[in-house]
Amino acid sequence: MKKELIINKLKTLIVILAGGQSKRFGGGYKTLYKFNNKSLLDRILKNLGKLDIEIALNVNSNENEFTKTSLNLIKDEFVNFQGPLAGIYSSMNWALKNKKDVEWIFTTPSDTPFLNSSLVDKFLINKYSNNTKIILARTSNKIHPVIGFWHISLLKNLENFLEKDSRKIMHWVEQQNYELVQSVVDRCMKLPGAPKLSSEMVRLSCWSLVHGLANLILNEVLNDDVPKDAEKRTVVREVISFYTRSLFEK
């Protein structure tokens, strides 16, 4: 099938999905946690702000840190924290009511501080089939169902899906015309002054360092302050890894 569709950047709204409860993180708002006096949300806004596309926040709180961003705050229209699809639906509906020129919503989770503008640019320069309504990111063989573009014409279709009490994103996506954009987003590949090693060697070396530091902090520094529950320990380790990676941003 001939690919002729190009997403119009001027008719796009970026929405950061921050409406969840962060249960695995222990509650609160994970995106507001800071490292080196800079929150995950601040890092995301800095990265995506380079695109010159309007950004909104899907949140279910009037937390001061959210309101002081001066961004439009979009609350879920489905109660009791119904997951990312509820945020996508609410964002589509809000755009239809408040941004008459918007045709596409680009969504990203609120805990991805290393997702940068180049990924969105890749979505924007690609061509797609004319009937495509959803475009998602894929790295290797993994689909990232919350990182992607959604055409707002799918609003009613999504509403019907949600009313059936189904919340699985890919279950709904697979019922639509969708495409995938292959991308590799790895800040470790941009280490300043890195030796001339193969990309795979740099990637493995970087991740070895990150996870080593995470384990050191988890097992030696935090000691008894770390949750004993295995799943919670895994979450703590993952969060420490995210924060450790920020050392490579500069």
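Each residue of the stretch 3-185 gets 124 Å³ once the volume of the Cα convex hull is shared out per residue. For a 30 Å ceiling on Cα separation, which of these pairs sit above it: Lys97/Lys168; Lys3/Lys168; Lys11/Lys46; Lys2/Lys142; Lys50/Lys164? Beyond 30 Å: Lys50/Lys164. Expressed to the nearest 5 percent, the antiparallel share of DSSP beta bridges inside the stretch 3-185 is 45 percent. Label-to-label distance for Asn64 and Asn93 is 3.1 nm, based on points extended 7 Å past Cα in the beta-carbon direction. For Ala56, nonlocal amide neighbours, meaning residues 5 or more places apart or on other chains whose placed amide H falls under 5 Å from its own, are Ile14, Val15, Ile16.
Only the coordinates and a few stated rules stand behind these numbers; no lab work does. Bear in mind the structure is a predicted one, so any value in this text is a computation, not a measurement. Note: ideal-geometry Cβ built from the backbone for every residue, glycine included; neighbour counts use all protein chains shown.
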